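Scroll down for the structure; my scribbles are underneath it.
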Amino acid sequence: GADELDGLQGEGTFERALARIAWTHFLKEEGRISDSHQHVLPVAEVESILRKEFRATDGSSLTDEQLKVVTKSIVLSVFMRKAEDDEGLSFAHKSFREFLTARHLVECLRTPQTGPHVHVGTIALAQS
């Protein structure tokens, strides 16, 4: 899975994806995302983040097969566990999620964000 993402945008892309997913899970748990009564991140939301934010340099998104491989790698890499309903993911180790969340915020602060596609981390950070 890491090779699939790194092949799209270069080395470090998989780590950025892990950090982005950790940030979304953090926001959900902290109640900043509307359906925060769940402390799980729906698999469909993980796939949506991957499709929208991690595209190839030519603009193409992951194929269904690539998406499946990357999602599985993410689950294995961050010790995520499937929720009881098998539709969501949560971090088994919150300290790892916190590390990845911090990494995401640092990336947001280092990368200029302007225009209509300002990164969700920058917006939430500014509102904190």
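The values are calculated or read from the model by the stated rules, or taken from the named source; none is laboratory data. Every value quoted in this text rests on a predicted model; they were computed, and no experiment measured them. Virtual Cβ from ideal backbone geometry, glycine too; neighbours counted across all protein chains shown. For accessibility, only protein heavy atoms count, side chains too; no ligands or nucleic acids. Shrake-Rupley method; radii C 1.70, N 1.55, O 1.52, S 1.80 Å.
So residue 1 ticks every box in (1) crowded, with 17+ Cβ neighbours inside 10 Å; (2) among the small types (Gly, Ala, Ser); (3) farther than 22 Å from residue 95 by Cα; (4) within 12 Å of the chain's Cα centre (by Cα) but one. Which box is left unticked?
If we test residue 1 against (1) crowded, with 17+ Cβ neighbours inside 10 Å; (2) among the small types (Gly, Ala, Ser); (3) farther than 22 Å from residue 95 by Cα; (4) within 12 Å of the chain's Cα centre (by Cα), just (4) comes out false.
Any residue in segment 40-64 that is in contact (Cβ under 8 Å) with a residue 24 or more places away in the chain and over 12 Å from residue 20 (Cα atoms) sitting within a Cβ distance under 7 Å of a residue that is aliphatic (A, V, I, L, M) and part of a loop (DSSP other than H, G, I, E, B)? List the pairs, counting only those 6 or more apart or interchain.
40/83
I want to confirm something. Restricting to segment 39-68 and keeping residues that are in a loop (DSSP other than H, G, I, E, B), open to solvent by 70 Å² or more (accessible area, probe 1.4 Å) and not hydroxyl-bearing (Ser, Thr, Tyr), which single residue is modelled with the lowest pLDDT?
Step by step, filter segment 39-68, then rank; the result is 39.
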